[in-house]
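Student: One structure, pasted below without further comment.
The values are calculated or read from the model by the stated rules, or taken from the named source; none is laboratory data. Just so it is clear, the model here is predicted, and its values are computed rather than measured. No Cβ is skipped: glycine too gets one built from the backbone with ideal geometry, and neighbour counts run over all protein chains shown.
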Amino acid sequence: MRRPNLIAVLAVAAAFAGANAALAGGKGSTPSSTPPGFDNTGGHNGFEEFTHTTTSNGGETTTSTHAYLPGGWDEGKAAWKSGLQAENPNLATRPPGLKGH
């Protein structure tokens, strides 16, 4: 590769790396999947903990599963929220258009 082309490629790579850092809010070189304001440091600020409990083996074995979801997802009257508003919430509940992972 000729020297001017190499310099151009390096300049584009540096610009791309800077843009990635800006997208990530300055937190490294890759964009974050967590929106700004929803840091999970210090007790999952911005998230609520939901717990689903399953009892099996004739009531002898109890298993609890926890999920942290954005605050307010269990509030309101939208039909999709009924799974989270149940006494034993369905942790796979998501708004229309979003899928769990």
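Student: Scan segment 69-101 residue by residue and report those that are aliphatic (A, V, I, L, M) and exposed (fewer than 10 other Cβ atoms within 10 Å of the Cβ).
Tutor: If the condition is that a residue be aliphatic (A, V, I, L, M) and exposed (fewer than 10 other Cβ atoms within 10 Å of the Cβ), then ALA79, LEU98 are the ones that fit.
Student: Condition first: in a strand (DSSP E or B) and either at pLDDT 90 or above or surrounded by 14 or more Cβ atoms within 10 Å (Cβ to Cβ) (or both). Now tell me which residues in segment 44-54 satisfy that.
Tutor: PHE47, GLU48, PHE50, THR51, HIS52, THR53, THR54
Student: In segment 60-77, what residues are within 17 Å of LYS99 (Cα to Cα) and either outside any strand (DSSP E or B) or acidic (Asp, Glu) (or both)?
Tutor: TRP73, ASP74
Student: Let me ask you something else. Kindly evaluate ALA92 against the criterion of being part of a strand (DSSP E or B), of a type in the set (Gly, Ala, Ser) and closer than 16 Å to PHE47 by Cα. Break it down into steps so the answer makes sense when it comes.
Tutor: Working: part of a strand (DSSP E or B): no; of a type in the set (Gly, Ala, Ser): yes; closer than 16 Å to PHE47 by Cα: yes.
So ALA92 does not fit the description; no.
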